[in-house]
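Novice: Below you will find the structure I want to go over with you.
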Amino acid sequence: MMGISAALIAALEHATGARHTLFGKPSVAGVHMVSALTGAAPQEMVVLGDDPNLELRMARRAGALAGGVLTGTGDRAAFAADQPEERAHPELDTLEHFTLDLAVTTG
């Protein structure tokens, strides 16, 4: 834990009495945590991300639909460089016209 994260974690633990779970992308722990909290299986989830090495890899490894958005760190070449099993299902220029129907029909 470094920087402001340590202070936030300490404050939250003190306020809630709960211990923290530290994880980061591309760990699938976040997807599994959302699954446990919502009852939705990873296969029923859509994870949108702009970094093929982080959010999209996490989504694919967990079994969720991975939507790539070209508004952040990844460009088309970066998305295409991933192994086929870790590539985004839909690849979108922006989220302007994103709908769940689009995610389902392209996944």
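The values are calculated or read from the model by the stated rules, or taken from the named source; none is laboratory data. On a predicted model such as this, the values are computed, not experimentally measured, just so you know. As a convention, Cβ positions derive from the backbone with ideal geometry for all residues, glycine included, and neighbour counts pool all protein chains shown.
Novice: Got a sec? Which of Ala40, Ala15 is assigned to a loop (DSSP other than H, G, I, E, B), at negative phi, modelled with pLDDT of 90 or more and surrounded by fewer than 18 Cβ atoms within 10 Å (Cβ to Cβ)? Explain how you work it out, then say what you get.
Specialist: Numbers: Ala15 fails: assigned to a loop (DSSP other than H, G, I, E, B).
Result of the check over Ala40, Ala15: Ala40.
Novice: For the subset of segment 44-88 comprising residues that are more than 11 Å from the chain's Cα centre (by Cα) and charged (D, E, K, R), which member is farthest from Gly24 (Cα to Cα)?
Specialist: Arg76
Novice: With the requirement that a residue be outside any loop (DSSP other than H, G, I, E, B), hydrophobic (A, V, I, L, M, F, W, C), touching a strand residue (DSSP E or B) at 6+ places or on another chain (Cβ under 8 Å) and surrounded by 12 or more Cβ atoms within 10 Å (Cβ to Cβ), what does segment 63-101 give you?
Specialist: Pass one, segment 63-101, residues outside any loop (DSSP other than H, G, I, E, B): 65-69, 76-80, 84-86, 91-92, 100-101.
Restricting the remaining residues to those that are hydrophobic (A, V, I, L, M, F, W, C) gives 65-66, 69, 77-80, 92, 100.
So of that shortlist, the ones also touching a strand residue (DSSP E or B) at 6+ places or on another chain (Cβ under 8 Å) come out as 65-66, 69, 79, 92, 100.
Listed by number, the residues that qualify are Leu65, Ala66, Val69, Phe79, Leu92.
Novice: Starting from segment 39-59, take each residue that is within 20 Å of Glu96 (Cα to Cα) and in contact (Cβ under 8 Å) with a residue 12 or more places away in the chain and list its partners that are surrounded by fewer than 21 Cβ atoms within 10 Å (Cβ to Cβ) and small (Gly, Ala, Ser), counting only C-beta distances under 7 angstrom and pairs at least six apart or across chains.
Specialist: Matching pairs, first to second residue: Val46/Ala103; Asp50/Gly72; Asp51/Gly72; Pro52/Ala78.
Novice: Given the criteria over 18 Å from Phe98 (Cβ atoms), charged (D, E, K, R), touching a residue at least 12 places away in the same chain (Cβ under 8 Å) and out of contact with any strand residue (DSSP E or B) (no Cβ under 7 Å at 6 or more places or on another chain), does Arg19 qualify? Outline the logic, then answer.
Specialist: Values: over 18 Å from Phe98 (Cβ atoms): yes; charged (D, E, K, R): yes; touching a residue at least 12 places away in the same chain (Cβ under 8 Å): no; out of contact with any strand residue (DSSP E or B) (no Cβ under 7 Å at 6 or more places or on another chain): yes.
Answer is no for this residue.
Novice: Can you tell me which condition Asn53 does not meet? The list is (1) under 20 Å from Thr73 (Cβ atoms); (2) assigned to a helix (DSSP H, G or I), and all the others hold.
Specialist: Evaluating Asn53 over (1) under 20 Å from Thr73 (Cβ atoms); (2) assigned to a helix (DSSP H, G or I) leaves (2) as the failure.
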